[in-house]
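See structure below.
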Amino acid sequence: MANDGRGVFGRGFWLAMRHQRILWWVFAINLVLGGLGASSAARTLAQALHHSLAGQKLADGFDVGMLLGLAVQPEVRLFSHTGPSFLFAVIYLLFLLFVMPAIISVYYEDRRFTTGEFFAAAGAFFWAFVRLALWSLIPFVLVHLLWHGARELADYIDDRAVADQASFYILVLGFVLVLLLAIWARMWFDLAQVRSIALQDRAMRRNAVRMFGFARRRSRKLYWSYIGIGVLVWIVTILMVVIWTKVPPRAVPLTFLLLELIMLAQIFERLWQKACATTWYRLHPEPAPAAPEPVGFEPVLTAPYAGSPGTALDVDVPLSPEVEGAPDITTREPEGPKGPA
Amino acid sequence: MKVSTSFSVVVVISLFLAHTVAQSPFAPKVSGPLSQRVVAYNIDAKYDPGKHTVDASETLVYHNLTGQPLDRFPFHLYLNAFQSKSTLAHEGQRDHFFGRADESWDPKNTGSNEVTSLEVVGIGDLTKQIKFIAPDDGNPDDKTVFEVQLPHPVPPGADVEFRIKFHAVFPEVLARTGYKRTFLLAGQWFPKVGVWWNGAWNCHQFHALTEFFADFGTYDVKITLPKDYIIGATGVQTSDTDNGNGTTTVAFHAEDVHDFAWTADPNFKVVDGEFSGSVGQVKIRLLTYQAHKSSWDRYISITQQTMKRFDDWYGPYPYAQITVVDPPHGALEAGGMEYPTFITGDTVWWAPNGQYILPEGVTVHEFGHQYWYGMVATNEFENAWLDEGVNSYTEVKVLSDIFGYNTSAVNMLGAQWSDASYQRFEYLGAADRDPLSQPSYTDMSFGSYAAISYGKTATMLLTLETVVGEKTLRDALHNYFMRYRFTHPTQEDFLRVVNETARQDLGWYWQQAVYGTQVLDYEVLRADSAPVNWYDEKLEEKKGETTYETQVLLHRKGDFIYPVEAEIKFDNGESVRVRWDGRDRWVRYVYVKKAKVVSAQIDPDYRVTLDRNYLNNSYVEETQHGATVKLVTYWTFCTQFLGQLLSWLT
């Protein structure tokens with residue numbers, strides 16, 4: 001399988017683009033929840049500013065003093081409205097946790113789901129994905145501890161080094177290292193999600209363990225795709241921020257557009273990575289695992305290339321499009337669900 | 001052997017002469033004395049950088065100019081404040097402003113100053129007579145003030161000479177003194193006599209909230225330290241002698257100053273600049289670090305620009321040199337401090353252009369203290385507003401003049417922040433807690449002290465400009481400086497000079513702003529128009545034809561009475577400005593016009609910065625969405641981004 005990493009970046013992109021309805025829906029939910037998170041502050045601001053000329057200093061520019069003045073006024077206390085923002089951010093997290101099995105299923109099957117299919121897929125694996133997310137906390141906590149250690153080291157050096165920048169470079173180095181590890185951990189758990197859907201396997205600890213070895217041995221190019229996607233999206237984000245700084249203060253619609261484009265890019269980043277992971281898994285089926293534990297209900301979805309749950313793909317059957325006889329998964333017309341269901 | 005000894009003597013003398021620079025402590029067109037010199041300090045100190053200690057012998061000649069015999073002398077030993085049971089530590093812990101000292105006492109915070117011997121010439125050794133006192137709070141564990149009782153009084157006009165040996169231990173930099181790695185800022189490091197002021201000794205303990213107070217005089221200080229160290233201090237350097245044992249002894253001389261601080265670090269980079277003022281050239285000596293290279297020019301430039309404005313507006317800077325110290329990273333506690341002819345700034349290596357707080361704002365502020373503390377030497381323990389507050393006001397004026405009023409603190413990424421607004425924000429934090437006139441060290445908390453001494457004073461002087469005019473207030477400060485430089489004026493002296501310059505009795509203002517805690521808050525209660533013929537059933541309103549009666553109600557919400565201006569705008573483009581003295585609780589303005597009211601705004605130019613709430617200062621008929629929509633857009637984005645960040649877990 002040495003040649004099959006080529007194009008996963010592009011294939012993942014087109015897979016995510018083919019199912020861009022997901023992107024738009026997730027973005028819409030993100031926007032709505034963002035708006036709800038801001039609604040409490042919006043009400044208070046409207047009450048304070050709608051019939052006051054004080055807001056002109058914020059509308060015609062961005063007067064930090066006026067903003068801080070607003071923040072400390074007893075009748076406004078702007079920053080006391082951060083609670084709803086946190087609440088709706090968590091709701092967004094739960095929403096994504098809920099729909100993620102369905103998103104992976106859509107990418108894995110590469111076809112358009114009906115609403116019923118979509119939510120059935122989401123519901124069928126919701127708790128499994130919650131468990132997997134909890135498992136994923138282990139590496140993320142370790143990564144966080146590493147970051148904490150890097151900061152401690154930076155503080156230690158900062159306390160002793162003559163040059164100010166020494167600790168900064170330690171921090172940058174630590175941050176890059178931690179980021180790379182976090183991306184790797186994310187990729188690993190993305191693959192575990194895909195495996196879970198592909199094999200209809202809800203034993204999430206097993207999925208995680210299997211995919212750890214798989215990710216460690218065989219996913220170098222997928223990892224580079226993840227990093228490439230991240231870099232690309234952050235370049236776009238920085239570009240948008242630079243443009244935003246040039247926008248006239250009164251051009252709020254344009255500001256809104258730019259900020260939302262940043263959000264769209266950020267959401268697309270994760271979906272693109274998921275699509276890459278799905279594509280990669282389909283191209284690199286793992287050796288047949290042990291028979292899965294029986295599940296208590298009929299699986300709703302199956303993988304189009306899986307013979308049956310538990311057997312997955314025959315490792316001897318090459319699936320890369322470059323290999324003669326293998327189906328071209330990037331151009332294949334969507335099919336209906338196959339398999340034992 | 002003889003030859004050899006003679007040769008050595010010649011070499012040493014030659015070296016001494018080579019390194020000795022006879023330099024006046026004053027600018028070319030100035031000659032002393034400028035002050036009534038009460039004290040003459042002569043200190044010979046040896047710094048041990050490994051232990052962060054100083055062993056020194058100090059000779060203090062005190063001239064009794066009090067007009068009465070003195071037999072009791074109090075001294076400050078400020079470094080003893082850096083002990084866990086001191087008043088400074090207690091107040092610092094109480095107000096949570098001490099950083100690492102808040103939760104538990106870190107041994108690195110410990111500093112001390114021990115007088116190992118005290119002799120009075122003509123009387124003898126009085127070391128055993130040393131008695132610690134705590135005049136402010138009676139804290140028996142506070143060792144920051146001691147007194148000695150002489151067996152017989154020093155007559156008026158006579159001198160008394162104290163010979164003191166002391167051992168000082170510096171803390172890791174805290175409250176603007178101490179070491180960080182190889183860096184040392186030596187402030188408040190030697191036994192310093194109190195001030196005979198208003199008929200009594202004024203010698204307060206070292207408090208967390210306030211600073212210092214001392215008499216003018218001369219300082220001759222020799223500091224011996226490893227020869228790779230670069231040193232800067234109050235006054236001018238007069239000699240640098242290589243001792244041949246790896247140490248060097250650097251001598252400084254200062255006249256007409258009331259304190260002496262110094263700094264040393266082998267890693268210092270020296271950047272020189274100069275300022276040409278009304279009394280000649282002044283040397284600017286910046287002690288900084290390679291890592292702060294991006295700030296070097298900013299430091300020199302802002303110092304020159306500040307000196308020019310102070311020279312033009314308030315009076316000349318008479319000294320030959322100003323030393324600007326840029327502390328190393330991690331030594332934030334050493335930043336932003338003032339001593340005579342010696343200030344500490346603050347910066348970070350990544351300080352972006354477009355924010356003028358570091359290093360510009362700090363430098364402007366600390367240089368300002370050369371006037372409002374250094375030369376006009378008010379009592380910082382009791383009237384902190386006279387140094388910190390008046391200085392914050394002049395900081396606003398200087399920064400605004402250089403960077404523009406609205407952008408004098410920040411002007412980057414589309415955001416603006418004026419220094420005046422920064423001061424006002426500080427004031428809003430504790431607008432009604434303590435009166436300015438109260439002894440500052442008794443303020444409610446550090447937050448209150450900062451809000452009142454810095455923010456409120458600057459804000460109340462900016463507000464006063466609307467009554468007396470900016471130019472008048474500038475002239476008043478000029479008069480205040482020229483009259484009281486090199487003395488210890490009181491707050492009444494300051495208020496009197498402003499009254500005199502403004503040619504009006506501003507007692508009504510001072511009573512509220514200085515002696516009181518009243519809060520200023522005006523609001524527009526109502527602004528609406530109704531047709532005069534409202535009762536006419538056939539009335540058809542037509543723009544420009546229908547006659548309306550407009551009612552505008554202004555309300556003084558706070559207890560602070562202050563004259564304000566209001567602007568009322570009508571939909572035919574007409575606008576009216578009215579001035580209300582604010583004495584009643586409310587006032588009604590009625591207009592009959594063929595136009596409806598569009599808006600009414602109190603203080604339309606945002607000059608009454610003491611008004612604690614700008615939101616209720618106006619009423620506009622048409623709903624204003626701009627600011628709300630913009631802020632909600634940002635807020636929405638932040639919520640979205642936070643959610644997306646959390647979704648990394650999915």
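The values are calculated or read from the model by the stated rules, or taken from the named source; none is laboratory data. Quick caveat, the model's predicted, so the values are computed rather than measured. Because the Cβ atoms are built from the backbone with ideal geometry, glycine has one as well, and the counts that use them run over all protein chains shown.
Points worth noting:
- Counting only residues that are among the hydrophobic types (A, V, I, L, M, F, W, C), touching a Lys or Arg at 6+ places or on another chain (Cβ under 7 Å) and either more than 14 Å from chain A (Cβ to nearest Cβ) or crowded, with 24+ Cβ neighbours inside 10 Å (or both), the range B:385-430 holds 1 of them.
Conditions tested, residue by residue: (1) on the phi < 0 side of the Ramachandran plot; (2) β-branched (Val, Ile, Thr); (3) in contact with a helix residue (DSSP H, G or I) (Cβ under 8 Å, 6 or more places away or on another chain).
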position	(1), (2), (3)
A:LEU180	yes, no, yes
A:ASP190	yes, no, yes
A:ARG220	yes, no, no
A:VAL247	yes, yes, yes
A:LEU254	yes, no, no
A:ILE262	yes, yes, yes
A:ARG270	yes, no, yes
A:LYS274	yes, no, yes
A:TRP280	yes, no, yes
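- The range B:279-303 - residue that is buried (at least 18 other Cβ atoms within 10 Å of the Cβ) and polar (S, T, N, Q) and, of those, farthest from the other protein chains (Cβ to nearest Cβ): B:THR303
- Top-ranked residue in the range A:20-33 [being among the aliphatic types (A, V, I, L, M) and within 10 Å of another protein chain (Cβ to nearest Cβ); ranked as farthest from B:GLN624 (Cα to Cα)]: A:VAL26
- Here the helices (runs of 4 or more DSSP H) wholly within the range B:371-473 that include at least 3 residues being touching a residue at least 60 places away in the same chain (Cβ under 8 Å) and closer than 24 Å to B:LEU615 by Cβ are B:419-428, B:457-468.
- Check on A:ARG151, assigned to a helix (DSSP H, G or I), under 30 Å from B:GLN290 (Cβ atoms) and of a type in the set (D, E, K, R): yes
- Screening the candidates A:GLU117, A:GLU75 for the property of being more than 7 Å from chain B (Cβ to nearest Cβ), more than 29 Å from A:VAL247 (Cα to Cα), acidic (Asp, Glu) and not in a helix (DSSP H, G or I) yields one hit, A:GLU75.
- Remark: pairs (first residue in the range A:31-60, closer than 24 Å to B:ASP605 by Cβ; second residue of a type in the set (Lys, Arg) and in a helix (DSSP H, G or I); Cβ separation under 9 Å; 6+ apart in sequence or on different chains) = A:GLY55/B:LYS630; A:LEU58/B:LYS630; A:ALA59/B:LYS630.
- Test: residue in the range A:48-61 that is among the small types (Gly, Ala, Ser) and either farther than 19 Å from B:TYR634 by Cα or not in a helix (DSSP H, G or I) (or both): yes
- Members of the range B:619-646 that are buried (at least 18 other Cβ atoms within 10 Å of the Cβ), in contact with a helix residue (DSSP H, G or I) (Cβ under 6 Å, 6 or more places away or on another chain) and within 12 Å of A:LEU53 (Cβ to Cβ): B:VAL620, B:GLN624, B:ALA627
- Any hit, the range B:294-313, residues being closer than 22 Å to B:GLN188 by Cα and among the charged types (D, E, K, R): no
- Checklist (1) assigned to a loop (DSSP other than H, G, I, E, B); (2) outside the structural domain of B:SER599 (by TED's automatic domain parsing); (3) not acidic (Asp, Glu) applied to B:TRP534, failing item: (2)
- Entirely in the range B:578-650, the strands (runs of 3 or more DSSP E) that have 1 or more residues that are out of contact with any Cys (no Cβ under 7 Å at 6 or more places or on another chain) and more than 7 Å from every other protein chain (Cβ to nearest Cβ): B:586-593, B:597-602
- Here the condition is being at the interface with chain B (Cβ under 9 Å from one of its Cβ atoms) and crowded, with 19+ Cβ neighbours inside 10 Å; of A:LEU36, A:LEU45, it holds for A:LEU45 alone.
- Matching strands (runs of 3 or more DSSP E) fully within the range B:127-222 where at least 3 residues are touching a Ser or Thr at 6+ places or on another chain (Cβ under 8 Å) and crowded, with 19+ Cβ neighbours inside 10 Å: B:159-169, B:183-186
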